[in-house]
Amino acid sequence: PDLSLNYQVPVEYVIADIKVEGAPHLNHATLISISGLKIGDKVSIPGDVFSNAIKKLWKQKIIGNVKIEVSKIEGEKIYIVLQIKERPRLSTYTISGVRKSENTDLKDKIGFIRGQVLSDALKKNATFSIQKYFEEKGLFNTSIKVTERKDSTLKNHVRLNFHVKKGKHVK
């Protein structure tokens, strides 16, 4: 079938089917519902219906990447596929290079929860919290290296390690 779309001339289609690929750990019906797309909806191509659907999915902060593809066009009917890559979740995390009491204090400050969706912002905030903790103790130039390993016991989960190299005391 001819899937070439002419973006110069808007054409209206009716959504005949919506499939989700990827995201094995998320409910596909829920993802479709969040997107706002429904079978029977009229969509215009080009139009902003698909970009709005992508924005709605992004807002959930559980998806690493999303793409909407047209799998088939039959007359006025359009068949679409939501290609979704979900973000990994946190299984465990460790903080190395610190004393036991500092480790406890830092884990309280970071406050990660097992199973929470892991984003770059979450890792940066944790790194910032560790940095700030040591700056308050007068240890500036502290460096933190974050390493991420897949958890072999849980699907789509990762283990994080924050390796802290304390800076020198500054008065």
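Test Ser33 against the stated conditions and say whether it is of a type in the set (Ser, Thr, Tyr), over 30 Å from Ser152 (Cβ atoms) and either part of a strand (DSSP E or B) or touching a Leu at 6+ places or on another chain (Cβ under 7 Å) (or both). Judged against the criteria, Ser33 is not a match.
The set of residues in region 130-171 being open to solvent by less than 30 Å² (accessible area, probe 1.4 Å) and in a helix (DSSP H, G or I) consists of Ile130, Tyr133, Phe134. Number of residues in region 116-129 that are outside any helix (DSSP H, G or I) and either in contact (Cβ under 8 Å) with a residue 40 or more places away in the chain or basic (Lys, Arg) (or both) equals 3.
Can Ala53 be described as among the aliphatic types (A, V, I, L, M) and either in a helix (DSSP H, G or I) or closer than 30 Å to Ile130 by Cα (or both)? When the stated conditions are applied, Ala53 passes them.
Just one of the listed residues (Val98, Val158, Val170, Val164) is of a type in the set (Val, Ile, Thr) and closer than 24 Å to Ile63 by Cβ, and it is Val158. Within region 100-128, the only residue that satisfies the criterion of being of a type in the set (Ser, Thr, Tyr) and within 14 Å of Lys166 (Cα to Cα) is Thr127. The listed residues are Arg89, Arg114, and the only one of them that is touching a Ser or Thr at 6+ places or on another chain (Cβ under 7 Å) and of a type outside the set (Asp, Glu) turns out to be Arg114.
Identify all residues within region 65-92 that are open to solvent by 30 Å² or more (accessible area, probe 1.4 Å) and not basic (Lys, Arg); write none if there are none. Selection gives Asn65, Ile68, Glu69, Val70, Ser71, Glu74, Gly75, Glu76, Tyr79, Gln83, Pro88, Thr92. Being outside any helix (DSSP H, G or I) and touching a residue at least 60 places away in the same chain (Cβ under 8 Å) is a property that Ile15 has.
Based on what the data block shows, is Lys72 touching a residue at least 24 places away in the same chain (Cβ under 8 Å), outside any loop (DSSP other than H, G, I, E, B) and touching a strand residue (DSSP E or B) at 6+ places or on another chain (Cβ under 6 Å)?
Judged against the criteria, Lys72 is a match.
Restricting region 17-42 to residues that are on the phi > 0 side of the Ramachandran plot and surrounded by 11 or more Cβ atoms within 10 Å (Cβ to Cβ), the residue that is modelled with the lowest pLDDT is Ala23. Residues in region 151-171 that are of a type outside the set (S, T, N, Q) and free of Cβ contacts under 8 Å to residues at least 60 places away in the same chain: Gly167, Lys168, His169, Val170, Lys171. Output yes when any residue across region 95-106 is touching a residue at least 40 places away in the same chain (Cβ under 8 Å), surrounded by 14 or more Cβ atoms within 10 Å (Cβ to Cβ) and of a type in the set (Ser, Thr, Tyr), and no when none is. There is no residue in region 95-106 that is touching a residue at least 40 places away in the same chain (Cβ under 8 Å), surrounded by 14 or more Cβ atoms within 10 Å (Cβ to Cβ) and of a type in the set (Ser, Thr, Tyr).
Out of everything in region 1-16 that is at pLDDT 70 or above and among the hydrophobic types (A, V, I, L, M, F, W, C), what residue ends up being farthest from the chain's Cα centre (by Cα)? Of everything passing the filter in region 1-16, Val9 is farthest from the chain's Cα centre (by Cα).
The values are calculated or read from the model by the stated rules, or taken from the named source; none is laboratory data. This structure is a prediction, so every number in the text was calculated from the model and none was measured. Here the Cβ is made from the backbone with ideal geometry for all residues, glycine too, and neighbour counts use every protein chain on show. Calculation scope for accessible area: heavy atoms of the full protein, side chains included, ligands and nucleic acids excluded. Shrake-Rupley method; radii C 1.70, N 1.55, O 1.52, S 1.80 Å.
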